[in-house]
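Visitor: Let me give you the structure first, and then I'll get to my questions.
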Amino acid sequence: MVKKQTTKLKLRKGKKRWFPVMSPKIYGEKEITKITSYDPESLVNRQIKLTLKALTNSGRDSNVSIKLKINKVKGDTAYTENIGIETSDSQIYRFSRRKSTRILNIFNVSDKNDNKIKLKTVILANENITRAKQNELRVYAESLIKKKISKSDYTEIFTSDFIKKISIGIKKELKPIYPVNDAIIWKANLQ
């Protein structure tokens, strides 16, 4: 026989209210959205994911999304901080076509304040590359990224300008080993 389950009734705390959510300082602390909640304290540690185009009003940032976490509430206004950045999967798949090599790498890095960041990178090349050459590219790119990120703060790292700057630098540095089409930081998350 099936055991009878008891249900718990939740006590209503009143009516839900709308609370404005502000962007991080790096994006000018402007209002992003509004979230409903019973009280402002329950907003802390909530995560929001939105495209970077919503913050920068630039069409170039429509393929990049950022993760924000509400870290404090002052009055009825919630303030956020960056905890991740991600390039859309469709853009990555658009770049990697047939008769090309896609080199994926997932690793952890520490910034200058010893915050752990998990990165997923992809290196794209036109032709099929041998495994030995792929490994050489992967290891060299990882060392370059670790060097650049160890000198930066995580608030700088989760911006599209920083990600693009690193990608262009990696592409230039890998040219003597093998001319790659693109080097992209696919995902970066604070751990």
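FYI, it's all coordinate maths here, none of it is from the lab. Model, not experiment: these values are computed from the prediction. Methodologically, a virtual Cβ is constructed for each residue, glycine included, from the backbone with ideal geometry; neighbour enumeration extends over all protein chains shown.
Visitor: If you find the alpha carbon centre of the stretch 19-69 and of the stretch 115-191, how far apart are they in angstrom?
Guide: Cα centres, the stretch 19-69 to the stretch 115-191: 26 Å.
Visitor: Could you calculate the FRET efficiency of Lys74 with Asp182 from 1/(1 + (r/R0)^6), where r is the beta carbon distance between them and R0 is 35 Å, rounded to 0.05?
Guide: Computed FRET efficiency for Lys74 and Asp182 comes out at 0.25.
Visitor: Next up: Any lysines with Cα under 26 Å of the Lys172 Cα? List them, leaving off those in the same chain fewer than 8 positions away.
Guide: Reachable lysines: Lys99, Lys112, Lys118, Lys120, Lys133, Lys146, Lys147, Lys148, Lys151, Lys164, Lys187.
Visitor: Another question about this same structure. When only Cα pairs under 8 Å and 6 or more residues apart are kept, what is the percent relative contact order across the stretch 89-190?
Guide: Relative contact order here is 35 percent.
Visitor: In nm, give the distance between the simple-model label positions of Gln191 and Trp18, each being 7 Å from the Cα along the Cα-to-Cβ direction.
Guide: Between Gln191 and Trp18, the label points sit 4.0 nm apart.
Visitor: In the chain, what % of DSSP beta bridges are antiparallel (nearest 5)?
Guide: 95
Visitor: Dipole magnitude of the chain about its Cα centre, charges +1 at Lys/Arg Cβ and -1 at Asp/Glu Cβ only, in debye to the nearest 20?
Guide: The calculation lands at about 840 debye.
Visitor: Using 0.36 nm times the number of residues separating Asn135 and Glu31, minus their current alpha carbon distance, what extension gain do you get?
Guide: 33.0 nm
Visitor: Hey, another quick one. For Arg60 and Asn126, FRET efficiency with R0 = 25 Å and r from the beta-carbon atoms, rounded to 0.05?
Guide: 0.55
Visitor: What is the packing order of peptides 92-100, 38-46, taking the mean over residues of other C-beta atoms within 10 Å and listing the highest first?
Guide: Most protected by this proxy first, the peptides run 38-46, 92-100.
Visitor: What angle, in degrees between 0 and 90 and rounded to the nearest 10, separates the Cα long axis of helix 131-149 from the longest principal axis of the Cα atoms of the chain?
Guide: Between helix and principal axis, roughly 50 degrees.
Visitor: Between Arg97 and Val44, how high is the FRET efficiency from 1/(1 + (r/R0)^6) when r is the Cβ-Cβ distance and R₀ = 35 Å? Nearest 0.05.
Guide: 0.20
Visitor: Just to confirm a number: summing +1 for Lys and Arg and -1 for Asp and Glu over residues other than Leu190 whose beta-carbon lies under 13 angstrom from that of Leu190, what do you get?
Guide: After counting each charged neighbour, the total is -1.
Visitor: Enter the angle in degrees (range 0 to 90, nearest 10) between the Cα long axis of helix 160-174 and the first principal axis of the Cα atoms of the chain, meaning the one along which they spread out most.
Guide: Roughly 20 degrees between the two axes.
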